[in-house]
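So the structure is just underneath, and the comments pick up after that.
The values are calculated or read from the model by the stated rules, or taken from the named source; none is laboratory data. These numbers were taken from a predicted model, which means no experiment stands behind them. Counting neighbours? That spans all protein chains shown, and the Cβs are built from the backbone with ideal geometry, glycine included.
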Amino acid sequence: MEIPARSVIERILASGYQLSPAAFEALGRLADPDPIVDSLLAGLEASENPPLVIEPQHLEHAMRGVAIPVTGCPAPAPPVAGALPAAAGVAPSAPTAPPAPALAPVPVAVPATPAQAVTATPDAEDAAPPYPFPAVRPPPRPPLGKPGRVEVLSGSEACSIEGTIEDFKKHFINRFERLQKVLMERADVVGAVGCSAIPPSDKWGKAKVIGMVTSKREFKSGAVIAELEDPGGMLKITFGRDERLKHKIARLMIDEVVCVSGRTKGGRDLIVDDIMWPDVSERSRPRAGEEAYAVLTSDIHIGSKTFMRESFEAFIRWLRGENGSGRSKEVALKTKYLVIAGDLVDGVGIYPNQEAELSIKDLYKQYECAAGYLSMIPEDIQIVIIPGNHDACRPTLPTPPIYKDYAAPLYALKNVTMLGDPALVSLGGVSVLITHGRSLDDVIPSLPDCNFREPHKAMAELLKSRHLCPPYGGKTPIAPEAIDRLVIDPVPHIFHAGHVHVEGVSEYRGVVIANSGAWQTQTEYQLSMGIVPKPGIVPVVELSTFKTFELNFN
Ligand SMILES: [Fe+2]
């Protein structure tokens, strides 16, 4: 990747803007960036609502000398109602799989909405939030065991970056060193050295090296050449036409850290015979405690016309013990945790023409409505919330918690813990890694055997890479913090994400993997992009046995 001149980056940062990875790369390709940056900064200054993050299209506009378009990236403070940064994450066209078997009896009955309820309508712009229930807390539930306890292990750190070249360097060195350490714990990686540290020799010999994949080129002949890098230098690696390696080569992602073994002469090139990823060893589980349930959800999209209000209200009633019977009701009464992995609201200005699809067009009111719903959940259920790309937040990963200025009513709820993305929490001793899952947009298309109908498969691959977003510079903007918080370390007991609006549950080496779908039917935008969601299905994990099942509220 071409790196732009330091002076150019510094001018942009000093003016209060950030650069997306794609814009960073585009700037690096410009032979004479200064006049374009002059035009860019002048255009931004003249813009009424300049973006916070510079994207390639802003550079294009600057090159053509036209006004900077308002793309909706307001600065985080002071807060204003209006557009938010970032585009909606999307999944490609996919047939919808049949719904997973639900826990019987399924809580699908939706009692009539109380007469005093006010609901959002397409024309109810800026109307009172559609609180579906009387605004009072439900009565306490019968005590069933110990109260839930959320311990925050990470996810509340300050997120600040300057975006200098030095920051990028520190970020990637930190990623390399931490994943190298994880790799070195593998028995089959013993004896490996950094890829720039192979002892020179004029004879062919075996070697195992660790490096970050910085390029990968495939040739018509079937041969593949890649480059590995460590802080000391670079090594070219060549894969022959080895059928056994084919799948592993296809699986190799840019910017992930791997160990390769093979033969080398001189230490400058290596012919690879195997690839090892950091991976996870079989995750041991905590000693079984008392029966307790964690309910995992995400992508509620309150404020959208396609928010599945009736199904979501049925879900809330189920959590209150008013819906369902027998075993289903017992699970509800023993639910101690509700985890929401982002996109609580639909936001404003997230994708083209979104306004036409909003029932609540004011972001503050979207959060008021969300808090109204969550306040109806019994207070003994601990709720953990992280942001998604539709929420009011900085668009880069790691993402801080949803801005309090927008979501004050949520912060006022006693049983709610607001965290950033990613977050690691312990729910009564069971660790849960929560991320919105935006990187799935980048990872799924680049991995063999992965697709948007089964997002849990790509999540297992992220565990294998021990990183939440290995490729840098794709659709997921990554903040180059000095410590790469997207490295998965330690390995959680449960890995929870959302974002693709398709639920899926599986297990990988003892780690429960859950993608929690959505509460939104297909939007016009999703229709135009060929996205078929699978909403209204909720994964539930019993925390003493790790038994996982799904509830269908459709
Ligand atoms: Fe979403």
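Every residue, every condition in (1) in contact with a Pro (Cβ under 8 Å, 6 or more places away or on another chain); (2) at pLDDT below 95; (3) among the polar types (S, T, N, Q), yes or no:
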| site | (1), (2), (3) |
| --- | --- |
| ASN515 | yes, no, yes |
| TRP519 | yes, no, no |
| GLN522 | yes, yes, yes |
| LEU527 | no, yes, no |
| VAL532 | yes, yes, no |
| PRO539 | no, no, no |
| THR548 | yes, no, yes |
| ASN554 | yes, yes, yes |
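Residue count for the range 286-307, restricted to those that are in a strand (DSSP E or B), of a type outside the set (Gly, Ala, Ser) and more than 16 Å from the ligand (Cβ to nearest atom): 2. Taking the range 342-371 as the range and being of a type in the set (A, V, I, L, M) and not in a loop (DSSP other than H, G, I, E, B) as the test, the residues that pass are VAL345, ALA356, LEU358, LEU363, ALA370, ALA371.
In the range 311-323, the count of residues that are within 16 Å of the ligand (Cβ to nearest atom) and more than 20 Å from HIS456 (Cβ to Cβ) is one or more. If the condition is being within 16 Å of the ligand (Cβ to nearest atom) and surrounded by fewer than 21 Cβ atoms within 10 Å (Cβ to Cβ), then the range 496-525 contributes THR521, GLN522, GLU524, TYR525.
THR476 meets all of the listed conditions (1) assigned to a loop (DSSP other than H, G, I, E, B); (2) among the polar types (S, T, N, Q); (3) touching a Pro at 6+ places or on another chain (Cβ under 8 Å) but one, namely (3).
Just checking, which of GLU310, GLU322 is acidic (Asp, Glu) and assigned to a loop (DSSP other than H, G, I, E, B)? Only one candidate qualifies: GLU322. Counting only strands (runs of 3 or more DSSP E) wholly contained in the range 175-285, the ones carrying 2 or more residues that are over 25 Å from ASP489 (Cβ atoms) and in contact with a Cys (Cβ under 8 Å, 6 or more places away or on another chain) occupy 233-239. Note on the range 325-358: among residues that are away from the ligand (no atom under 16 Å from the Cβ) and polar (S, T, N, Q), the one that is surrounded by the most Cβ atoms within 10 Å (Cβ to Cβ) is THR335. Against the conditions (1) hydroxyl-bearing (Ser, Thr, Tyr); (2) surrounded by fewer than 23 Cβ atoms within 10 Å (Cβ to Cβ); (3) within 16 Å of the ligand (Cβ to nearest atom), SER544 satisfies every one except (3).
Check the range 439-459 and report whether any residue there is touching a residue at least 60 places away in the same chain (Cβ under 8 Å) and more than 30 Å from LYS246 (Cβ to Cβ). Checked against the condition, which is being touching a residue at least 60 places away in the same chain (Cβ under 8 Å) and more than 30 Å from LYS246 (Cβ to Cβ), the range 439-459 yields no hits at all.
When HIS493 is tested against (1) more than 15 Å from the ligand (Cβ to nearest atom); (2) buried (at least 24 other Cβ atoms within 10 Å of the Cβ); (3) closer than 15 Å to SER431 by Cβ, exactly one condition is not met: (2). Taken over the range 532-551, the criterion of being more than 23 Å from ALA370 (Cβ to Cβ) and part of a loop (DSSP other than H, G, I, E, B) is satisfied by VAL532, LEU543, SER544, THR545, PHE546, LYS547.
When ALA294, ALA250 are screened for being surrounded by fewer than 17 Cβ atoms within 10 Å (Cβ to Cβ) and modelled with pLDDT of 90 or more, only ALA250 passes.
Taking the range 254-266 as the range and being farther than 13 Å from LEU228 by Cβ and at pLDDT 95 or above as the test, no residue passes. For the range 501-530, name all the residues that are under 18 Å from the mean Cα position of the chain (by Cα) and either assigned to a loop (DSSP other than H, G, I, E, B) or outside the structural domain of SER431 (by TED's automatic domain parsing) (or both). Scanning the range 501-530 gives HIS501, GLY517, ALA518, TRP519.
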